[in-house]
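What follows is a set of notes on a single structure, which appears directly below.
What follows is calculated from the coordinates using simple rules that are stated; it is not laboratory data. The structure presented is a predicted model; accordingly, all values stated were derived computationally and were not measured. Reconstructed Cβ throughout: ideal geometry from the backbone, glycine too, with neighbour counts over all protein chains shown.
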Amino acid sequence: MRVFNLSSGSDGNATYIETDGVRILVDDGISCAETVKRLNLIGVSGEDIDAIVLTHEHTDHMKGVDVFSKKFNTPIYAHNDVWKGVYPKLSKTAEANMRIFDGQFEIGDLLISPVEIPHDVKCFGFTLESGLGKVSLLTDLGHTTDKIFESVKGSQLVYLEANHDVTMLRNSTKYPLALKMRIAGKNGHLSNDDSADFAEKLVLTGTRQIVLSHLSKENNTPDLAYTYISKKLGDKGIVEGTHVKIDVALTVPVRIFKLK
Ligand SMILES: [Zn+2]
Ligand SMILES: [Zn+2]
């Protein structure tokens with residue numbers, strides 16, 4: 001199983017996941033041309049993609065989907081409730097490529113388990129399993145729940161939102177109060193602080209690789225997210241580099257993860 005994040009954050013989110021039998025994208029929030037360019041970095045072409053699975057309707061998760069699907073005849077999978085928001089934003093995608101899931105589903109040898117996550121529109125996180133491992137993607141969630149934890153625990157690799165530093169967000173002069181409240185709210189985005197608490201639970205149940213994702217450009221930095229979360233884990237006796245490896249997903253691809 002290979003996992004390659006093409007882009008992360010408000011500029012666009014897209015993650016490539018490959019098994020021996022299938023190649024998919026979870027979200028495609030960058031342009032089709034840019035998606036293809038970044039896939040080419042690892043020797044994958046647009047035609048190779050078997051499906052795009054969508055988390056939710058926000059543009060930073062589906063900007064490239066319509067053009068990509070038309071160009072490469074790619075099926076798009078989304079939950080029925082997510083389709084309600086996605087459908088009006090598509091004009092080029094063939095109806096036959098609009099696939100609905102409602103619960104666990106399979107694409108080739110990949111078993112995909114959606115879990116609903118609290119956001120300001122209907123939104124899902126995913127656990128993707130093959131015989132080679134278990135990977136989870138969790139971004140765009142205002143808070144974590146026991147149900148989410150039960151779904152993702154035991155994943156070797158987790159892309160976990162670390163959207164903002166609460167102090168930077170509070171002190172921001174760029175964001176109006178209403179937007180700050182939305183981001184920090186129960187249906188907004190996960191802070192570094194909350195991300196660290198969830199990361200601790202994941203590490204205690206076997207996760208060995210966490211990639212901090214969907215960082216705010218305005219209210220976080222890669223260094224701050226990494227340092228804050230590593231330190232908070234360290235205070236609980238979890239040593240970054242020994243008990244867990246922590247990376248940060250950026251707006252450009254950083255590295256490829258291989259699970260055997
Ligand atoms: Zn987003
Ligand atoms: Zn969103």
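Points to keep in mind about this one:
- For the stretch 1-43, filtering for residues that are within 16 Å of ligand 2 (Cβ to nearest atom) and either among the aliphatic types (A, V, I, L, M) or over 15 Å from the mean Cα position of the chain (by Cα) (or both) leaves 3.
- Residue in the stretch 107-116 that is touching a strand residue (DSSP E or B) at 6+ places or on another chain (Cβ under 9 Å), exposed (fewer than 15 other Cβ atoms within 10 Å of the Cβ) and farther than 12 Å from Leu54 by Cβ present: yes
- So Asp11, is it of a type in the set (Asp, Glu) and farther than 24 Å from Ser113 by Cα: yes
- In the stretch 146-158, the condition of being farther than 17 Å from Ile238 by Cα, surrounded by fewer than 22 Cβ atoms within 10 Å (Cβ to Cβ) and of a type in the set (A, V, I, L, M, F, W, C) is met by at least one residue.
- Candidate set: the stretch 106-124, residues that are closer than 19 Å to Arg2 by Cβ and touching a residue at least 40 places away in the same chain (Cβ under 8 Å); chosen: the one farthest from ligand 2 (Cβ to nearest atom): Asp109
- Against the conditions (1) more than 15 Å from ligand 1 (Cβ to nearest atom); (2) in contact (Cβ under 8 Å) with a residue 24 or more places away in the chain, Trp83 satisfies every one except (2).
So that you can scan it fast, the table gives a plain yes or no per residue for (1) farther than 16 Å from Val67 by Cβ; (2) buried (at least 21 other Cβ atoms within 10 Å of the Cβ); (3) away from ligand 1 (no atom under 16 Å from the Cβ); (4) touching a residue at least 40 places away in the same chain (Cβ under 8 Å):
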position	(1), (2), (3), (4)
Val3	yes, yes, yes, yes
Leu6	no, yes, no, yes
Gly12	no, yes, no, yes
Glu18	yes, yes, yes, no
Val22	yes, no, yes, yes
Lys37	no, no, yes, no
